[in-house]
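Peer 1: Next up is a structure, given as structure tokens.
The values are calculated or read from the model by the stated rules, or taken from the named source; none is laboratory data. Not measured: the values here are computed from a predicted model. Cβ placement follows ideal geometry from the backbone for every residue including glycine, while neighbour counts extend to all protein chains displayed. SASA here: full protein model, heavy atoms, side chains in, ligands and nucleic acids out. Shrake-Rupley method; radii C 1.70, N 1.55, O 1.52, S 1.80 Å.
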Amino acid sequence: MTGKFSDSDLTPIAGGGLLDRRLLLKRGALFAVAAAATAEPARGDAAKPAQAEDFADPAWLHRTGGAFTSYGTPSKYEKYVVRNIGGNREPAGDGVSWTPLEDLEGIVTPSGLHFERHHNGVPDIDPKQHRLVIHGRVRRELMFTIENLLRYPMRSQFLFIECGGNSNAGWHEEPIQRSVGSFHGLVSCSEWTGVPLSILLDEAGVDEGASWVIAEGADANLLNVSLPLSKLMDDAIVGLYQNGERLRPENGYPVRLIVPGWEGITNVKWLRRLHVTDQPSMTRNETAKYTELLPSGIARMFTFVMDAKSLITSPSHGQTLEGPNVYQIRGFAWSGRGKIVKVEVSADAGKSWADALLDEPVMTRCFTRFRMPWHWSGQPAILKSRATDETGYVQPERDVLIKERGRNGYFHYNAIVSWAVDEDGAVTHVYA
Amino acid sequence: MSTPKLTKLFMCLACVVIATDAEAQSRAQAPQLGTPMSKADVAKWDITVFPDGRGLPSGHGTAKEGRAIYVQKCASCHGDQGQGATAEDLVSGPMPPTAGHPNKAIGSYWPYATTIFDYLRRAMPPSAPGSLSSDELYALTAYLLAANKIISESDEMDALSLPKVEMPNRNGFVPIDAKK
């Protein structure tokens, strides 16, 4: 099974059969892939072989192809790659949908698969009737139309957005057995384009003594959060475009706040109002929610930055390795504090680690794709990945995080994730 | 005109230029398309409520009045006694936040009473947010505070009394990435 590799290729550099990452750069190196083990009905249909039995001469070679379409859609054979919706029954628009991380590659999340967290549905906003206002401790209180905002100088940046509640099943006493997207899929990464908020705040003329800005959305929940003025002046964007096209309604059309590296709730969708002020307004979301209760009974509040984190997406829960072979372990890492500088992988439950290859470009507060060659011998193994960011912060082991935070914090779970591979190649989620 | 006077004038002009340089540079590249708002316009938009009571509207209500509204508009999701239904618990048991399975309901967790009024006004009830009058909102807020045994049934809540309510978990938070 491993005949394409030389003995020196297969010399491990860490326990469990991890190989040198430079093997990935070697021409002709072929790697096996882990396959989804339990096919859902939709996936089973899509995977049915086409009727053509002569692979050299399939039917589509002999008939006219489809017509042009004004807006493209994914292949019908990829219909299973969808957001997994976890909505509440009442109201129907209060809930989340997860990005299917295990089905995606690279660092960009297609806009239609970006995770969602809505508190009372997606508003149907007519951009001609929508306004953004800046008021409070400013010299000129201003109102902007969307048409006007589109005429301002813009900036574009690849940035992840992660919900503060992402991965919260990690706090459970028993490891949850779900696909990586249905467990950790409240994180996505896009190219966001819009007007630097500092330009608009400068136009309004911020007063001395202003230190906070209360941002409010135009949904039926009028979602509001308080944010430090310094961060918004530093790098926040009034987002108008996502991945090259105007925002989609579920991602905040016609305008949302982009706050690089900060938890999802601060990236207020359907942005309508920025109230420049001298103190936070202590909204429901920054007091009753999005605060982390510690074992002492005291809760952490204003926990804006998303700490470094990484995930192995292949192999991951629900996938199967089809026999001993050389595999490419792959996944991605991100940090709200800046660039990822290192991702280490372990195939022996953390006893030894080896540096993974990072795909270029590596950008600040953005997904970074990592890859690691691995010779699986057929023996049970436990895979882990560990991210380090440019501030020196290292993603913690789960027991370290639990010791520090207890188990009632609910938000900001960023511990190392462990996947167990059994002798049949089946992959499950374990605490190890 | 004497020379010292001229010098003073020149220096003054220089100061003005330096002070506005950064802002002017930033504005030079922006088209300046914001429309100035009148005080009346701003008042229509400004619904921020602060913990010290700034921003609270006029109006008033008591828990007794609030109970009737609660039963009609809230109980189907939040339960007749404010807990154990499909939506989150509003009324805490006696458990403090340190207990094994702490309840993060209003009485045990929320640090400011003004937050209740603000959130009800924005978001409740989900089928008709923004439909409650200020009097109804004060009454509902009073009901939730009384149900959590923080005020009495007859205490009237308004723009002056609400921010004075001392929430049990007022000091239960430590700021991490910003000062309060």
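Peer 1: Name the shape class, rounded, prolate or oblate, that the alpha-carbon gyration tensor gives for segment B:66-119, where a ≥ b ≥ c are the square roots of its eigenvalues, rounded holds for a/c under 1.5, and otherwise prolate holds if a/b is larger than b/c and oblate otherwise.
Peer 2: On the way: a/c = 2.51, a/b = 1.40, b/c = 1.79.
It is oblate, given that a/c is not under 1.5 and a/b is not larger than b/c.
Peer 1: Just going by the charge dipole of the protein assembly as shown, with Lys and Arg at +1 and Asp and Glu at -1 on Cβ, which of A:Val122, B:Met124, A:Leu150 is farthest out on the positive end?
Peer 2: A:Leu150
Peer 1: How fast does the protein assembly as shown diffuse by Stokes-Einstein, in µm²/s, taking the Kirkwood radius from C-alpha pairs at 25 °C and 0.890 mPa s? Each step should come with its number before you reach the end.
Peer 2: Details: Rh = 26.9 Å.
Answer from the Stokes-Einstein relation: 91 µm²/s.
Peer 1: Going by a 1.4 Å probe on protein heavy atoms, which residues of segment B:113-155 end up with at least 20 Å² less accessible surface in the whole assembly than in their chain alone?
Peer 2: When all protein chains are present, B:Thr115, B:Asp118, B:Tyr119, B:Arg122, B:Ala123, B:Pro126, B:Pro129 each give up 20 Å² or more of accessible surface.
Peer 1: Just the number please: accessible area per residue for segment A:243-325, 1.4 Å probe, all protein chains included, in Å². The partial results should precede the final answer.
Peer 2: On the way: 1680 Å² over 83 residues.
On a per-residue basis, 20 Å².
Peer 1: For the pair A:Val430/B:Gln32, report the inter-label distance in nm, with labels modelled 7 Å from Cα in the Cβ direction.
Peer 2: Placing both labels 7 Å beyond Cα along the Cβ direction yields 6.7 nm.
Peer 1: Could I ask something else about it? Checking an interface number: how much accessible area is buried between A and B, summed over both chains, with a 1.4 Å probe, in Å² rounded to 100? Present the calculation step by step, with values, prior to reporting the outcome.
Peer 2: Values: alone 20210 and 12370 Å², together 27750 Å².
About 4800 Å² of accessible surface is lost on pairing.
Peer 1: Could you compute the net charge surrounding A:Met154? Neighbours are other residues with a C-beta less than 13 Å from the C-beta of A:Met154; K and R count +1, D and E count -1.
Peer 2: Working: positive: A:Arg151, A:Arg155, A:Arg246; negative: A:Glu191.
Charge balance in the 13 Å sphere: +2.
Peer 1: Run the numbers for A:Gln129 and A:Leu30: contour at 0.36 nm per residue of separation, minus the present Cα-Cα distance, in nm.
Peer 2: Numbers: separation 99, 0.36 × 99 = 35.64 nm, distance 5.53 nm.
Difference between extended and current length: 30.1 nm.
Peer 1: Still on this structure, please answer the following. With a cut-off of 8 Å between alpha carbons and a minimum separation of six or more residues, what is the relative contact order of chain A in percent?
Peer 2: RCO, chain A: 19 percent.
Peer 1: Going by average Cβ density within 10 Å per residue, which order do the peptides B:117-129, A:126-138 take, highest to lowest?
Peer 2: Numbers: B:117-129: 19.7, A:126-138: 17.8.
With the highest mean Cβ count within 10 Å placed first, the list reads B:117-129, A:126-138.
Peer 1: Okay, next question. On average, how many beta carbons from a partner chain sit within 10 Å of the beta carbon of a residue in A:269-277? Before the final figure, lay out each step's value.
Peer 2: Details: counts 0, 0, 0, 1, 4, 0, 6, 0, 4.
For this peptide, the per-residue mean of nearby foreign Cβ atoms is 2.
Peer 1: Something else about it: Do any of B:Lys104/B:Lys179; A:Lys26/A:Lys76; A:Lys309/B:Lys44; A:Lys289/A:Lys351; A:Lys79/A:Lys339 go past 32 Å between their Cα atoms, and which? If you can, show how the numbers build up before the last one.
Peer 2: Working: B:Lys104/B:Lys179 23 Å; A:Lys26/A:Lys76 34 Å; A:Lys309/B:Lys44 43 Å; A:Lys289/A:Lys351 37 Å; A:Lys79/A:Lys339 34 Å.
A:Lys26/A:Lys76; A:Lys309/B:Lys44; A:Lys289/A:Lys351; A:Lys79/A:Lys339, as the Cα separations exceed 32 Å there.
Peer 1: Here is a further query. Under the rule a/c < 1.5 gives rounded, and otherwise a/b versus b/c splits prolate from oblate, where does segment B:58-172 land using the Cα gyration tensor? Please list the in-between numbers first.
Peer 2: Numbers: a/c = 1.71, a/b = 1.21, b/c = 1.42.
Here segment B:58-172 falls in the oblate category.
Peer 1: Next question, about the same structure. How charged is the neighbourhood of B:Val174? Take every other residue with its Cβ under 14 Å from the Cβ of B:Val174, and add Lys/Arg as +1 and Asp/Glu as -1. Present the calculation step by step, with values, prior to reporting the outcome.
Peer 2: Numbers: positive: A:Arg300, A:Arg405, B:Arg170, B:Lys179, B:Lys180; negative: A:Glu286, A:Glu292, A:Glu404, B:Asp177.
Result for the local shell: +1.
Peer 1: Within 10 Å, count the other beta carbons around each residue, average over each peptide in A:376-384, A:409-417, and list them highest first.
Peer 2: Values: A:376-384: 18.6, A:409-417: 22.4.
Result, highest mean Cβ count within 10 Å first: A:409-417, A:376-384.
Peer 1: From the C-alpha coordinates alone, can you work out the Kirkwood hydrodynamic radius of segment A:170-297, in Å? Mind showing how you got there, number by number?
Peer 2: On the way: mean 1/r = 0.0616 Å⁻¹.
So the Kirkwood estimate lands at 16.2 Å.
Peer 1: Under a 1.4 angstrom probe, counting protein chains only, how are A:Arg284, A:Arg273 ranked by accessible area, largest first?
Peer 2: On the way: A:Arg284 25, A:Arg273 0 Å².
The ranking, largest first, comes out as A:Arg284, A:Arg273.
Peer 1: Also, quick follow-up: Treating the beta-carbon of each Lys and Arg as +1 and of each Asp and Glu as -1, no other charges, what is the dipole magnitude of the protein assembly as shown about its Cα centre, to the nearest 20 debye? Each step should come with its number before you reach the end.
Peer 2: Numbers: 63 positive and 70 negative charges, 241 e Å.
In debye, rounded to 20, the protein assembly as shown gives about 1160.
Peer 1: Using the crude model of +1 on Lys and Arg Cβ and -1 on Asp and Glu Cβ, and no other charge, please compute the dipole size for segment B:58-172 relative to its Cα centre, in debye to 20.
Peer 2: For this selection, approximately 240 debye.
Peer 1: If the cut-off is 13 Å between C-alpha atoms, which aspartates and glutamates fall inside it for B:Lys39, apart from same-chain ones fewer than 8 positions away?
Peer 2: Reachable aspartates and glutamates: A:Glu141.
Peer 1: From other protein chains only, count the Cβ atoms within 10 Å of every residue's Cβ in B:35-41, then give the mean.
Peer 2: On the way: counts 9, 5, 8, 1, 2, 0, 5.
Partner Cβ neighbours, averaged per residue: 4.
Peer 1: Something else about it: Placing +1 at every Lys and Arg Cβ and -1 at every Asp and Glu Cβ, with all other atoms neutral, what dipole size does segment A:131-290 have around its Cα centre, in debye to the nearest 20?
Peer 2: Details: 16 positive and 19 negative charges, 88 e Å.
In debye, rounded to 20, segment A:131-290 gives about 420.
Peer 1: Which of the listed residues, A:Pro373, B:Phe50, A:Asn414, is farthest toward the dipole's positive end in the protein assembly as shown, when Lys, Arg count +1 and Asp, Glu count -1 at the beta-carbon?
Peer 2: B:Phe50
Peer 1: Using a 1.4 Å probe on the protein chains only, how many percent of the accessible area of the protein assembly as shown belongs to carbon and sulfur?
Peer 2: Values: 15030 of 27750 Å².
Of the solvent-accessible surface of the protein assembly as shown, carbon and sulfur hold 54 percent.
Peer 1: Just to confirm the filter: which GluC sites (Glu not before Pro) across segment B:142-173 are DSSP coil and have at most 14 other Cβ within 10 angstrom of their Cβ? Please report the intermediate quantities before stating the final value.
Peer 2: On the way: sites: B:Glu153, B:Glu156, B:Glu166; in loops: B:Glu153, B:Glu156, B:Glu166.
Sites meeting the loop and neighbour criteria: B:Glu153, B:Glu166.
Peer 1: Arrange the peptides B:95-101, A:179-185, A:316-322 so that the one whose residues have, on average, the most other Cβ atoms within 10 Å appears first. Spell out each step's value before the answer.
Peer 2: Details: B:95-101: 13.1, A:179-185: 24.9, A:316-322: 21.1.
Result, highest mean first: A:179-185, A:316-322, B:95-101.
Peer 1: Along the charge dipole of segment A:131-290, pointing to its positive end and built from +1/-1 on Cβ of Lys, Arg, Asp and Glu, which listed residue (A:Ile161, A:Trp262, A:Gly244) has its Cα farthest out?
Peer 2: Result: A:Gly244.
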